[in-house]
Amino acid sequence: MNTLSGSIWLVDDDEDDLLLMQMAFNYMDARLMIKTLLDGEDLLVHLQETSDSPELVVLDLNMRRMGGLKTLEFVRSIDKYNRLPVVVLTTSSNPADKRNSVALGANDYYIKPASFNELTVLASQLIQQWVV
């Protein structure tokens, strides 16, 4: 990896989870531009306010103001973001959540890892798949 031109937007209302995810992605490649957003409403506002889309959105499902499924539905309803990679990263192991996420256009679905080491492995996989 020589150059990274894009960014990853992390959307989660748990500030501890956001910090851990940001640390994991930066640990894997410090050149990444990471934006943290506290819920789906923040994501939608930032998508409308910027001319540059992120290369990847990592989206939690369980958020207070606007949950991940509703957010995903809104993002996919905007033509400009039909191809924007959105990966769900959540604590939910409920098969219905995974089915609904994929049906609404999630590119992938992961359960939040139990350790930081596992999170860095996942971050590395996501970087290789979507950013590089």
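The values are calculated or read from the model by the stated rules, or taken from the named source; none is laboratory data. All figures in this text were calculated on a predicted structure; none of them were measured in a lab. Every residue, glycine as well, gets a Cβ built from its backbone with ideal geometry; the counts of neighbours run over all protein chains shown. Keep in mind that these areas ignore ligands, DNA and RNA; they rest on the heavy atoms of the full protein, side chains included. Shrake-Rupley method; radii C 1.70, N 1.55, O 1.52, S 1.80 Å.
Observations on the structure shown:
- Residues in the chain average 54 Å² of solvent-accessible surface per residue, probe 1.4 Å, ligands and nucleic acids excluded.
- Accessible area of the chain belonging to carbon and sulfur atoms, whole % at 1.4 Å probe: 49
- GNM on the chain, alpha-carbon springs under 10 angstrom: the most fluctuating residue among 52, 39, 97 is 52.
- The distance between label points at residue 125 and residue 41 comes to 3.3 nm (points 7 Å beyond Cα on the Cα→Cβ vector).
- Separation of region 89-132 and region 21-83, taken as the distance between their Cα centroids, equals 13 angstrom.
- Computed label-point distance, nm, for sites residue 83 and residue 99 using a 7 Å Cα→Cβ extension: 3.1
- Whole-Å semi-axes of the chain's equivalent ellipsoid (Cα gyration tensor): 20, 18, 14
- Candidates 42, 12, 60, ranked by Gaussian network fluctuation over the chain, Cα under 10 Å, top entry: 42
- For the pair residue 33 and residue 76, the difference between a 0.36 nm per residue extended length and the Cα-Cα distance amounts to 13.2 nm.
- GNM remark for the chain: springs join alpha carbons under 10 Å apart, and the peak mean-square fluctuation among 84, 72, 19 falls on 19.
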